[in-house]
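The values are calculated or read from the model by the stated rules, or taken from the named source; none is laboratory data. Predicted model only: the values in this text are computed from it and were never measured. Please note: Cβ atoms are built from the backbone with ideal geometry, for glycine as well, and neighbour counts cover all protein chains shown. Heads up: the accessible areas ignore ligands, DNA and RNA and are worked out on the full protein's heavy atoms, side chains in. Shrake-Rupley method; radii C 1.70, N 1.55, O 1.52, S 1.80 Å.
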Amino acid sequence: MKPVFDDLYSDRASGMRASEIRELLKLTQRPDIISFAGGLPNPLAFPLGIIKELTQKVLDRYGEKALQYGTTEGLTSLREAFAENYNAHDIPCTPDEITIVGGSQQGLDLLSKIFLNPGDEVVVGDPTYLGGLAAFRAFQARFVAVPLDNDGMRVDLLEERLEKMRREGRKPKMVYVIPTFQNPTGTTLPTDRRKRLIDLVHEYDTVLVEDNPYGRLRYEGEPLKPIKYYDDPDDPRVIYLGTLSKTLVPGFRIATVVAPPEITRKLVIAKQSTDLCSTTFTQYIAAEYISGGYLDAHMRKIKTLYGGKRNIMLKAMDEFMPDGVEWTRPEGGMFLWTTLPEGCNTVEMFPKAVENKVAYVVGKAFYAYEGGERSMRINFSYPTDEQIMVGIERLAKVIEEEIKDKKAG
Ligand code: PMP
Ligand code: G9A
């Protein structure tokens, strides 16, 4: 049948494509499949008891107000609580510089809405978070994809690209980085690269979007200061995205965009036409949670849980993976990035993995244009310890077959 609505869709909607991760999430609903695909927090890390208590408190104290529309900027007490918490964690900001958004995904969407015309260029890591690529693509961006090494984005190559663009009269609208325990690779930018990034966005007159959902999920090693810490207060260029999705619960849909006042104003206007305001009820609960000091205490519990799962996954990888397979050993976050030997293809292998009841995200999904054919992202925060052991054994068998087939073929 001829598609009825094709000539009605905008150019923007015609170019949209489904998120591999969102589609794969359906697999996690199948009880027989062990999924390492979604970047989901573990339900064991959800502080149900405290949330129950605080929900009751919010209803008793604020009643109907907590269920009413709120301001587009977000609840003042929540912005104050975030500002205090952020300042204690080397993210300098005032409550007025914070906009509460419905997840950092909405932050990426709104930033695209205010900065991008069709054809505008955005610098991204190659690979990078596929939801970021999707948000930029929805506004018809083009990408300047800068390769990563074991220390995250190659800032030297970024500089070369920016210089070349300048010679050609081009300027990127944003530089998008996930500095700590990057999605999908788990890599972390060292301090010298963080500082260099600040210099570069000043030198080439653009902004840096620092997306930091995993920064506090560190299981070993010394914490690094966010890029925002090194920003110039007299000429701020960093827009910082933080979220409660990985440190409290994703179902609240509460995140922050920290930006200079001028950008914050534009962002708020853009959000007015998107959703008027973020969910009032969960903002009230989150404000109580953060100002009550629960978040920092809860981080210790999460770190023990996820650190243990990371170790189990690394142990299983060491035990089961065939020769020639390589993977990262991140000091935090939720993912291992795994690369198979030359000739293997993780897209072609995917149906065999599902047949063997294990799932991952194909590496290709995280590349702006091409790459990642031999790679995959595997998540360790969501599965149970037992699922990690069994699932990695299954995956290793599938990979072993793939390697044999490629050698034979
Ligand atoms: N950015 C990155 C790098 C992510 O990994 C995610 C979620 N996996 C998001 C943004 C979106 O998170 P949320 O909208 O739940 O805050
Ligand atoms: O789409 C989601 O559920 C968020 C997870 C993102 C990811 O897996 O990177």
Each label sits 7 Å from Cα toward the beta-carbon; between Thr71 and Leu157 the label points are separated, in nm, by 4.4
Between the modelled labels at Arg170 and Asp318 (7 Å from Cα along Cα→Cβ) the distance in nm is 4.5
P(r) over all Cα-Cα pairs of the chain, 10 Å bins from 0 to the longest distance, whole percent per bin, short to long, reads 5, 22, 31, 26, 14, 3, 0
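Tell me the per residue accessible area of region 69-295 using a 1.4 Å probe; a whole number in Å² is fine. Before the final figure, lay out each step's value.
Working: 8520 Å² over 227 residues.
Ligands and nucleic acids excluded, the result is 38 Å² per residue.
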Subtracting the Cα-Cα distance of Asn345 and Lys225 from 0.36 nm times their residue separation yields 39.5 nm
Between Asp149 and Thr191, the FRET efficiency computed from the C-beta separation at R0 = 22 Å comes out, to the nearest 0.05, as 0.85
With the label point 7 Å along the Cα-to-beta-carbon line of Asp385 and a cut-off under 20 Å to each amide N, the hits in region 335-368 are 335-336
For the chain, the accessible surface attributable to carbon and sulfur atoms (probe 1.4 angstrom, ligands and nucleic acids excluded) amounts in percent to 51
From the Cα centre of region 30-47 to that of region 289-336, the distance in Å is 13
In debye to the nearest 20, the charge dipole size for the chain, taken about the Cα centre with +1 at each Lys and Arg Cβ and -1 at each Asp and Glu Cβ, equals 720
Magnitude of the Cβ-charge dipole (Lys and Arg +1, Asp and Glu -1) of region 224-352 about the Cα centre, nearest 20 debye, reported as 500
CD proxy, 222 nm, the chain: helix-only mean residue ellipticity via -39,500 (n - 2.57) per DSSP H run with n ≥ 4, per residue, nearest 500, stands at -14000 deg cm²/dmol
Output ordering of 312-323, 382-393 (per-residue mean of other Cβ within 10 Å, highest first) is 382-393, 312-323
Descending packing, highest mean Cβ count within 10 Å first, for 29-40, 200-211 is 200-211, 29-40
What one gets for region 69-295 as the Kirkwood radius, inverse of mean 1/r over different Cα pairs in Å, is 17.6
For the pair Ile114 and Asp234, the simple spin-label estimate (label points 7 Å beyond Cα toward Cβ) gives in nm 2.4
Here FRET efficiency (C-beta to C-beta, Glu80 to Asp405, R₀ 56 Å, nearest 0.05) is 0.45
Percent antiparallel among DSSP beta bridges confined to the chain, nearest 5, equals 55
Rounded to whole angstrom, the alpha-carbon centroid of region 146-160 lies from that of region 181-195 at a distance of 10
